[in-house]
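Below is one structure, written out as structure tokens; the observations come after it.
The values are calculated or read from the model by the stated rules, or taken from the named source; none is laboratory data. None of these values were measured; they are calculated from a predicted model. Heads up, the Cβs are rebuilt from the backbone with ideal geometry, glycines too, and the neighbour counts pull from every protein chain shown.
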Amino acid sequence: MATVEYRHATCTYPGMGSPAVASLDLAVDDGELMVLVGPSGSGKSTALRMLAGLEMVTSGEILIGGRVVTGAPPKARDIAMVFQSYALYPHLTVRDNLAFPLKQKRVPRQERDQLVEEAARMLEIEEMLDRRPRQLSGGQRQRVAMGRAIVRRPQVFLMDEPLSNLDAKLRVQTRAEIAALQRRLGVTTVYVTHDQVEAMTLGQRVAVLRDGVLQQCDTPRRLYEHPCNVFVAGFVGSPAMNLDRVPFDGTAVRVGDQSVPVPGQAAAAARRAGLTEVVLGLRPDALVVAGDAGADGTPHLSGVVQLVEDTGSDAWVHVEIPSRVPLRVVCRADSRRLPTPGDAVPLAVRAAEAHLFDPAGGERLGG
Amino acid sequence: MSGAAGPGRVTPDAGGPAVAATPEAAARVRRRRHGSAAATLVLVVLAAIWFFPIYYMLIDAFKPGYDLLTYPPQLWPAHWTLSNFQEAFTVNGAGPTVPQPSFLSSLFISVMVSLIVVVFSVGISLFAALATARFNFRGRSVMLVALLVAYMVPFTSLLIPIFIELNKFGMIGTVPALIIAYVAPVLPFTVWTLRGFVASVPVDIEEAALTDGCSRLSAFRKVIFPLIAPGLVATAIFAFILAWNDFAFANIILGNSGSIFGGQAETATVWLVGLINPSRVTPWGELFAASLIFTLPVMLFFLTFQRRIAAGLTAGAVKG
């Protein structure tokens, strides 16, 4: 087990103008599960590959366990990686796949067999030890890939979207298993995903990247409640936060024909910046089809239902609020009393949960 | 019976899985069976045409000399003999005056040349395939297109240019010249085939080996090499067969004027053709016996490994 540290780590691919990862500063604690998340091209996989030694670090440093490993080959880093494609060796049996990293470390045969059996037991793949990867299902292959990573007890686990090839149900199940396994082994883990739900449920901390730049690194709760900019606010949370540019009068914002007071700190910051327009962020949870939440005394907006998404446990209603430029928002509704498209509905706003962002740079206003 | 079968009724005489439930379906099954029988007949005729020369070579190798020239030819020997084989190894080759290389030494030259061609072509094409499949470098696309164009040029059309080039270096009539003449046209094919194999091995697997503790070299040896081995075998066989069966290049570049280990050298194909000499009676029995000895190893090899060879030649072509 070890800490991991990126110090101004940059990776620029030859012939590319802008870096894939730009001056990344990130520290992962010993035993922590850190998730790197971001859309395609955000540099999350490149950052992981830099840590693995599979991508060159153009400038800056990478440390594992306090030791600089920037120029070291992958085998000198004591890491184990789980690939998106699992990357099992097709010509070897499951047993040989698991034993492969141990053979490279020249672990004696008896000890090697014992460790393989142990890992297989832990991942419940004992019956598959003599099969070849092509004889396994996607979920089983994923387990073997995990087994190959854990069998050698590395200092750091690296996981590059290991669940993205699984179906939705298996993904949820395996996600929980990975979290449990990581807690049990206590190995520092850096996990890459583009799925923000996966990031929020797995990560002890989550680092959000965009265009190679780290946007925010925080606990999932804090990311959700205090996104540092419009990008993080829009990326974290499902459904995404409603973000609209609205007029600001010093204490409240105007949404449609309604004035919605905003939290004091945010309003003060907007005033200090002399803004007359701000980006208002409201989570779908903070907008409730009125009457369902019993939100008496809260400001009410009115709009027309465009679309209803009933997922069973939750129901999300897309509502258009008439305005100079009509606003389209997503809000929560009681799935037992769903409106239908075309209905005019009142929306209660939990103004205390409103977020304000600077329309110019997108930074958060207030604490 | 079948006339009684109405719509939706199973005809009792149809049998098997292709049970016809309607007259239309029954007609379809009949047409399919007739089509299949016709195709089989065509294939049998084609196979017979292809197989006949081999059969003729086989039986004539065991006929005594006086039975070989009978008319009409005997399709089954009246007498059997092994003397043709014995004489094949003692008869002299083409030359009317000078003693020519023996069949055994020609076989040795053929084996040696073919194996060296295999080693060179597989070795060079393996590295070229790795470079073009795994690395981005300036001129890679041009190189690949050039290889493809070279691959499309008929083998024999390269004979004269290669001859002229080798002649400039004074190499005509030497075994190394023949090896170069074979390796040059083989490479485009072997590089393309092997490149397909290397490209079909996901980069992730190589990287997994690196993170599992391998160096680049050991990752290649322990992971990539076993995965592309069928491709190596396929390309090796292709190179071997090309060099083994060729007559034109061997005759013009090496002829029977080559020398090796101080003795005269020619390949087995040139030696066999050399037996047909207008200045003397052609020893047909020895010719067929020697041809059989020359053909047998390749035929047996193909019959044994035909499935693997076919799989090897196509496996790298598409991503699995």
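When we screen B:L227, B:L187 for residues that are surrounded by fewer than 22 Cβ atoms within 10 Å (Cβ to Cβ) and within 12 Å of chain A (Cβ to nearest Cβ), the only hit is B:L227. Each residue in the range A:250-272 was checked for being in a loop (DSSP other than H, G, I, E, B) and surrounded by 14 or more Cβ atoms within 10 Å (Cβ to Cβ), and 3 of them qualify. When restricted to residues that are under 17 Å from A:T340 (Cβ atoms), surrounded by fewer than 19 Cβ atoms within 10 Å (Cβ to Cβ) and modelled with pLDDT of 85 or more, the range A:281-310 contains 7. Checked against the criterion of being buried (at least 17 other Cβ atoms within 10 Å of the Cβ), in a strand (DSSP E or B) and either facing chain B (nearest Cβ under 8 Å) or among the β-branched types (V, I, T) (or both), the range A:91-112 contains not a single residue that satisfies it.
Annotation: of all residues in the range A:329-343 being part of a strand (DSSP E or B) and at pLDDT 90 or above, the one that is surrounded by the most Cβ atoms within 10 Å (Cβ to Cβ) is A:C331.
Note on the range A:18-58: among residues that are away from chain B (no Cβ under 14 Å) and among the β-branched types (V, I, T), the one that is nearest to A:T219 (Cα to Cα) is A:V35.
Which residues, taken from the range A:59-90, are at the interface with chain B (Cβ under 8 Å from one of its Cβ atoms) and in a strand (DSSP E or B)? If the condition is that a residue be at the interface with chain B (Cβ under 8 Å from one of its Cβ atoms) and in a strand (DSSP E or B), then A:I79, A:A80, A:M81 are the ones that fit. Out of curiosity, is B:T267 within 30 Å of B:V145 (Cβ to Cβ) and away from chain A (no Cβ under 14 Å)? So B:T267 does not fit the description; no. Looking across the range B:270-285, the residues that are within 25 Å of B:W80 (Cα to Cα) and free of Cβ contacts under 8 Å to residues at least 12 places away in the same chain come down to B:I276, B:V281, B:T282.
Applying the selection to the range B:207-224, what residues are aliphatic (A, V, I, L, M) and crowded, with 18+ Cβ neighbours inside 10 Å? Step through it out loud before you land on a result.
From the range B:207-224, those aliphatic (A, V, I, L, M) are B:208-210, B:217, B:219, B:223-224; that's our starting set.
Hits for the range B:207-224 are B:A208, B:A209, B:L210, B:A219, B:V223, B:I224.
To keep it simple, each residue is scored yes or no on (1) under 21 Å from A:R121 (Cβ atoms); (2) among the acidic types (D, E); (3) without any contact (Cβ under 8 Å) to a residue 12 or more places away in the chain; (4) outside the structural domain of A:Q104 (by TED's automatic domain parsing).
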residue	(1), (2), (3), (4)
A:G139	yes, no, no, no
A:R143	yes, no, no, no
A:D160	no, yes, no, no
A:L166	no, no, no, no
A:R171	no, no, no, no
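With respect to (1) surrounded by 21 or more Cβ atoms within 10 Å (Cβ to Cβ); (2) modelled with pLDDT of 90 or more, the lone exception for B:W192 is condition (2).
Residues considered: A:E55, A:E5. Of these, the only one that is crowded, with 16+ Cβ neighbours inside 10 Å, assigned to a strand (DSSP E or B) and in contact with a strand residue (DSSP E or B) (Cβ under 7 Å, 6 or more places away or on another chain) is A:E5. Identify, from the list A:R245, A:R221, A:R183, the residue that is surrounded by fewer than 17 Cβ atoms within 10 Å (Cβ to Cβ) and either touching a Pro at 6+ places or on another chain (Cβ under 9 Å) or assigned to a loop (DSSP other than H, G, I, E, B) (or both). Every option except A:R245 fails the conditions.
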